[in-house]
Amino acid sequence: MDKSMLKLVGRIASIVHRFIEFLARWIFLTAAEITGKPEVLPPINNNIIMHSTQALAMMIRQRKLKCEDVMKAYIERIEAVQPILNFVAEDRFKGALEEARRCDELLNSPDAPSAADLEKSKPFFGIPFTTKDCIGVAQMKQTAGLFLRRNTRCDRDAEAIASMKKAGAILIATTNVSELAMWWESSNLVYGTTRNPYNTWHIVGGSSGGEGCIQAAAGAPFGIGSDIGGSIRMPCFFNGIFGHKPTNGIVSNDGQYPNAQTDEQKHLLAIGPMCRFATDMKPILKILAGKNIDKLNLDAKVDLSKLKFYYMEDDGGQFLVSQVSKDIRSAMAKFIYTLEIAHKVKAEKIKIKKFKKGLALWFANMTSPEGMDFAWELSDRKGRISIWWEFIKWLTRTGSHTFVAIFTAAFEGLSMRFNDSKRVQLLDESKDLRRELSDLLGTDGVFLYPTHPTPAPLHHEPLVKPFNFAYTAVINVLGFPATACPLGMSNGLPVGIQVIAGPYQDHLSLAVAEEIERAFGGWQIPTA
């Protein structure tokens with residue numbers, strides 16, 4: 001088949017896909033309407049939870065707030081909204097309250113450290129936080145949304161969690177994920193489906209969807225997520241909060257399940273902060289980075305007027321990926337205009353051809369060795385599931401897996417193999433793309449790009465647009481730092497962009513995020 005015929009077939013397939021998207025949207029919307037109106041969250045009635053993490057930490061150090069009062073405020077908020085949103089996997093409210101009381105006892109003791117000493121040694125002293133179920137917490141469940149792991153508990157903290165605890169933070173809960181963190185709607189047979197705080201008919205994203213939801217609903221000051229194909233940035237986008245995927249290798253991936261199996265998968269995966277306030281990301285990253293903090297320049301002052309800004313409005317028309325919505329394009333254009341007015345900087349529109357192959361590049365990097373594929377993962381690494389048998393059990397509602405997990409295992413079985421020459425070629429192209437973007441951005445450039453082509457879809461709607469995660473996945477291929485930033489609302493749902501910087505230039509994308517928060521207001525309270 002010649003190239004012209006291939007293009008024709010591709011165009012026809014794209015038209016058919018657009019029609020399927022339109023039809024499915026109507027079907028899922030009708031189904032949602034049958035269930036009744038979206039549920040509305042109760043109003044926030046305690047001003048404590050309206051403060052940033054940094055403000056809370058300062059007030060605790062200065063004895064203006066009790067740790068116990070802060071903890072109670074967040075527990076009460078979780079208890080108020082959890083029945084509506086279903087973001088918690090497992091809580092530890094009793095233990096967290098006991099820890100908070102011990103913090104207060106220390107502050108009231110004769111040997112209490114000074115505020116200055118506390119800020120230096122334990123900058124998150126007494127601050128509650130949460131993390132996704134995939135990141136290990138000692139004595140708590142780590143199911144990764146897999147029914148076979150519903151009773152599996154961790155015997156130790158992941159390094160990221162241990163670092164936050166050492167800095168004084170107190171974990172209050174773990175949050176819901178997609179099954180084995182391999183889908184962008186957080187729903188599984190262990191904890192059920194998490195619902196969007198702005199409109200409960202819609203998804204929260206994945207795999208850190210429960211984390212994105214609890215932050216947006218003001219259920220925690222901050223959280224820790226992980227990102228292998230957009231699992232921090234998509235939930236942040238759908239839930240209207242900030243999140244940062246650090247430069248590859250800066251934050252330890254120790255203690256995650258499922259863990260990366262290959263060097264390429266390790267390159268894709270990163271742990272990072274998720275929070276309502278942009279100014280909280282940098283202090284959290286300082287703790288998470290640990291011994292690698294010297295590789296970053298987080299304390300550098302950034303003058304936005306001296307940065308080079310580049311942007312793309314879409315990926316160039318990737319096959320079976322939805323078109324970028326007008327509202328997202330408009331929001332990006334408004335920020336670009338703000339840069340011109342406030343900082344006298346004109347962003348340059350560019351075209352990176354390899355972004356059109358972003359999905360293929362990501363799949364090549366994500367491919368597992370023989371015998372270690374997703375069917376193996378679904379067996380809890382105890383053999384392999386029978387895909388057809390699991391599908392039959394799903395049809396009869398006797399199975400242990402979600403439909404999308406079974407579909408993912410089947411799709412992987414039909415895709416490229418670990419040793420395929422095509423995969424080797426795509427890995428080489430991935431390296432070429434990294435060099436191209438690294439040369440472009442250097443140490444003073446940032447790249448603005450859609451986080452996702454549409455605002456949060458309806459529940460189950462990702463089934464007909466499974467490849468829309470391409471916008472975040474291609475950035476994982478790069479391994480560069482990327483910050484998800486909210487830019488307002490579209491028909492009651494958040495929209496935003498991701499800001500990408502060169503390797504180890506995390507301070508640049510974080511500085512831009514703080515400017516976006518100042519210019520656009522950042523997180524908005526999800527109440528009707």
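The values are calculated or read from the model by the stated rules, or taken from the named source; none is laboratory data. On a predicted model such as this, the values are computed, not experimentally measured, just so you know. Cβ atoms come from the backbone with ideal geometry, glycine included; neighbour counts cover every protein chain shown.
Scanning the stretch 409-462 for residues that are under 30 Å from L304 (Cα atoms), acidic (D, E) and either free of Cβ contacts under 8 Å to residues at least 24 places away in the same chain or in a loop (DSSP other than H, G, I, E, B) (or both) returns D439, D444.
A single entry from T472, T483, T454 fulfils the requirement of being surrounded by fewer than 24 Cβ atoms within 10 Å (Cβ to Cβ) and either closer than 19 Å to S187 by Cβ or hydroxyl-bearing (S, T, Y) (or both): T454.
Taken over the stretch 217-240, the criterion of being touching a Leu at 6+ places or on another chain (Cβ under 9 Å) and assigned to a helix (DSSP H, G or I) is satisfied by F238 alone. Looking at the stretch 438-451 only, could you name the residues that are surrounded by fewer than 23 Cβ atoms within 10 Å (Cβ to Cβ) and either in contact with a Leu (Cβ under 6 Å, 6 or more places away or on another chain) or outside the structural domain of G243 (by the TED database) (or both)? The answer is D444, and nothing else.
Residue-wise test of (1) of a type outside the set (A, V, I, L, M); (2) within 14 Å of G126 (Cβ to Cβ); (3) in a helix (DSSP H, G or I); (4) more than 25 Å from the chain's Cα centre (by Cα).
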residue	(1), (2), (3), (4)
L56	no, yes, yes, no
I60	no, yes, yes, yes
E68	yes, yes, yes, yes
K72	yes, yes, yes, yes
E79	yes, no, yes, no
P83	yes, no, yes, no
A96	no, yes, yes, no
R102	yes, yes, yes, yes
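Here the stretch 4-34 is the region considered, the condition is being exposed (fewer than 11 other Cβ atoms within 10 Å of the Cβ) and either among the polar types (S, T, N, Q) or under 30 Å from P123 (Cβ atoms) (or both), and the residue that is modelled with the lowest pLDDT is S4. Only residues that are over 15 Å from P457 (Cα atoms) and either more than 30 Å from the chain's Cα centre (by Cα) or touching a residue at least 60 places away in the same chain (Cβ under 8 Å) (or both) were counted across the stretch 16-25, and they come to 2.
From the residues in the stretch 163-192 that are assigned to a loop (DSSP other than H, G, I, E, B) and among the β-branched types (V, I, T), which one is farthest from L56 (Cα to Cα)?
Checking each candidate, the answer is V190.
Restricting attention to the stretch 404-415, the residues being surrounded by fewer than 16 Cβ atoms within 10 Å (Cβ to Cβ) and touching a Leu at 6+ places or on another chain (Cβ under 8 Å) number 0. Here D117, D69 are screened, and the one residue that is farther than 23 Å from R195 by Cβ, charged (D, E, K, R) and out of contact with any helix residue (DSSP H, G or I) (no Cβ under 7 Å at 6 or more places or on another chain) is D117.
I'd like to check something: does the stretch 93-115 contain any residue that is surrounded by 21 or more Cβ atoms within 10 Å (Cβ to Cβ), modelled with pLDDT of 95 or more and touching a Pro at 6+ places or on another chain (Cβ under 6 Å)? Looking for residues that are surrounded by 21 or more Cβ atoms within 10 Å (Cβ to Cβ), modelled with pLDDT of 95 or more and touching a Pro at 6+ places or on another chain (Cβ under 6 Å), one finds none in the stretch 93-115, hence no. Candidates F28, F87: the one that is within 26 Å of K282 (Cα to Cα) and in contact (Cβ under 8 Å) with a residue 24 or more places away in the chain is F87.
The rows are residues; the columns are (1) in a helix (DSSP H, G or I); (2) under 30 Å from N259 (Cα atoms).
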| site | (1), (2) |
| --- | --- |
| R329 | yes, no |
| F335 | yes, no |
| L339 | yes, no |
| A342 | yes, no |
| K346 | no, no |
| K351 | no, no |
| K354 | yes, yes |
| L359 | yes, yes |
| F363 | yes, yes |
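When each of F447, F467, F403, F411 is tested for being within 18 Å of V499 (Cβ to Cβ) and among the aromatic types (F, W, Y), the lone residue that passes is F447.
Looking only at the stretch 421-438, decide whether some residue is farther than 18 Å from K356 by Cα and touching a Phe, Trp or Tyr at 6+ places or on another chain (Cβ under 6 Å). No, every residue in the stretch 421-438 fails to be farther than 18 Å from K356 by Cα and touching a Phe, Trp or Tyr at 6+ places or on another chain (Cβ under 6 Å). State whether the residues of the stretch 37-48 include one that is surrounded by 15 or more Cβ atoms within 10 Å (Cβ to Cβ), in contact with a Gly (Cβ under 9 Å, 6 or more places away or on another chain) and not in a loop (DSSP other than H, G, I, E, B). No; the residues of the stretch 37-48 include none that is surrounded by 15 or more Cβ atoms within 10 Å (Cβ to Cβ), in contact with a Gly (Cβ under 9 Å, 6 or more places away or on another chain) and not in a loop (DSSP other than H, G, I, E, B). Just so you know, in the stretch 344-371 the residues that are touching a residue at least 40 places away in the same chain (Cβ under 8 Å) and surrounded by fewer than 16 Cβ atoms within 10 Å (Cβ to Cβ) include one that is nearest to Q425 (Cα to Cα), and it is P369.
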